[in-house]
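The values are calculated or read from the model by the stated rules, or taken from the named source; none is laboratory data. Please read all numbers here as calculations on a predicted model, not as lab measurements. Methodologically, a virtual Cβ is constructed for each residue, glycine included, from the backbone with ideal geometry; neighbour enumeration extends over all protein chains shown. The area values use the complete protein model at the heavy-atom level, side chains included, leaving out ligands, DNA and RNA. Shrake-Rupley method; radii C 1.70, N 1.55, O 1.52, S 1.80 Å.
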Amino acid sequence: MSGQEPAVRVLAADGPVRAVVLVLHGGSEWGDREVRPWRLAYLRMIPIGRAVRRACRDHGVEVRLVRNRVHGWNPPKLPAVEDARWALERIKAEHPDAPIVLVGHSMGGRVALRVADDPNVVGVCALAPWTPDGEPVEPVRDRAVLIVHGLRDRMIDPGQSFDFASRAESDTSRLARFELAAEGHAMLARAQVWTRLVCAFTLDVLGAAREDKTMWSAWTKPSADRLRIPL
């Protein structure tokens, strides 16, 4: 395995850090190759991280983007999960009282849902998450969860994230799942929509939402409707 620690890019907060957003990129089921800075799975998360930083500039939010040591999920060791937990421990060492919001795409969404049991995590935003049958829902108990999936995703069946949401919904503090028409796995066709949802969720979970009522509207829908919100 290449490297002893994952790389972390920090987008600093304006002033004292009051919360941290940890951004986790996608990968593949197997693979021991090092994740280079130009790997697309990592690059596609940088604009999202920057957008969250801009949206939260008045709220003391620091954004950290993890670049994993290797690109594979690689059971049973699960290096991406190890990397995320390492990053969480580092955040807590530097900002012990800061609430943490996790944002992950694809495999990174699966990682985010797995490590949500960290006591400082308050919310998870999983974008086109890889949630195969049997993926545990216990880690998201008492967390706010946003799942977004494109209906034209050919890499990960949107039905998987619906099944996960259905199993997790009763144990989470709040859970909403948006379905994006005319969108695939790479989040390219409607990039602004993905980004807007991430920013709205982050602000809402941190209690900083003001004008954007996107999440308020989602939370107040009947339970069955919250899992398939069309957009």
Does at least one position in segment 175-195 carry a residue that is free of Cβ contacts under 8 Å to residues at least 24 places away in the same chain and small (Gly, Ala, Ser)? no
Among the residues of segment 194-224, what is the count of those that are surrounded by fewer than 17 Cβ atoms within 10 Å (Cβ to Cβ) and at pLDDT 95 or above? 1
Verdict on Val122 being in contact with a Leu (Cβ under 9 Å, 6 or more places away or on another chain) and either open to solvent by less than 20 Å² (accessible area, probe 1.4 Å) or assigned to a helix (DSSP H, G or I) (or both): no
Filtering segment 177-193 down to residues that are within 12 Å of His149 (Cβ to Cβ) and in contact with a helix residue (DSSP H, G or I) (Cβ under 8 Å, 6 or more places away or on another chain), which residue is surrounded by the fewest Cβ atoms within 10 Å (Cβ to Cβ)? Glu179
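Considering every residue within segment 58-77, establish whether at least one is assigned to a helix (DSSP H, G or I) and either crowded, with 21+ Cβ neighbours inside 10 Å or touching a residue at least 24 places away in the same chain (Cβ under 8 Å) (or both). Write out each step before concluding.
Narrowing segment 58-77 to residues assigned to a helix (DSSP H, G or I): 58-59.
Restricting the remaining residues to those that are either crowded, with 21+ Cβ neighbours inside 10 Å or touching a residue at least 24 places away in the same chain (Cβ under 8 Å) (or both) gives 58-59.
Taking every residue of segment 58-77 in turn, at least one turns out to be assigned to a helix (DSSP H, G or I) and either crowded, with 21+ Cβ neighbours inside 10 Å or touching a residue at least 24 places away in the same chain (Cβ under 8 Å) (or both).
Out of Pro79, Pro37, Pro47, Pro6, I need the residue that is over 19 Å from the mean Cα position of the chain (by Cα) and not acidic (Asp, Glu). Which one?
Working: Pro79 fails: over 19 Å from the mean Cα position of the chain (by Cα); Pro47 fails: over 19 Å from the mean Cα position of the chain (by Cα); Pro6 fails: over 19 Å from the mean Cα position of the chain (by Cα).
Exactly one of Pro79, Pro37, Pro47, Pro6 is over 19 Å from the mean Cα position of the chain (by Cα) and not acidic (Asp, Glu), namely Pro37.
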If you scan segment 104-139, which residues turn out to be aliphatic (A, V, I, L, M) and in contact with a strand residue (DSSP E or B) (Cβ under 6 Å, 6 or more places away or on another chain)? Val111, Ala112, Leu113, Ala116, Val121, Val124, Ala126, Leu127, Ala128
Considering only segment 85-99, I want to know if a residue exists there that is closer than 29 Å to Glu183 by Cβ and either touching a Phe, Trp or Tyr at 6+ places or on another chain (Cβ under 6 Å) or open to solvent by 10 Å² or more (accessible area, probe 1.4 Å) (or both). no
How many of the residues in segment 9-56 are in contact with a helix residue (DSSP H, G or I) (Cβ under 6 Å, 6 or more places away or on another chain), part of a strand (DSSP E or B) and open to solvent by 20 Å² or more (accessible area, probe 1.4 Å)? 1
For segment 159-175, state whether one or more residues are at pLDDT below 95, open to solvent by 50 Å² or more (accessible area, probe 1.4 Å), part of a loop (DSSP other than H, G, I, E, B) and touching a strand residue (DSSP E or B) at 6+ places or on another chain (Cβ under 8 Å). yes
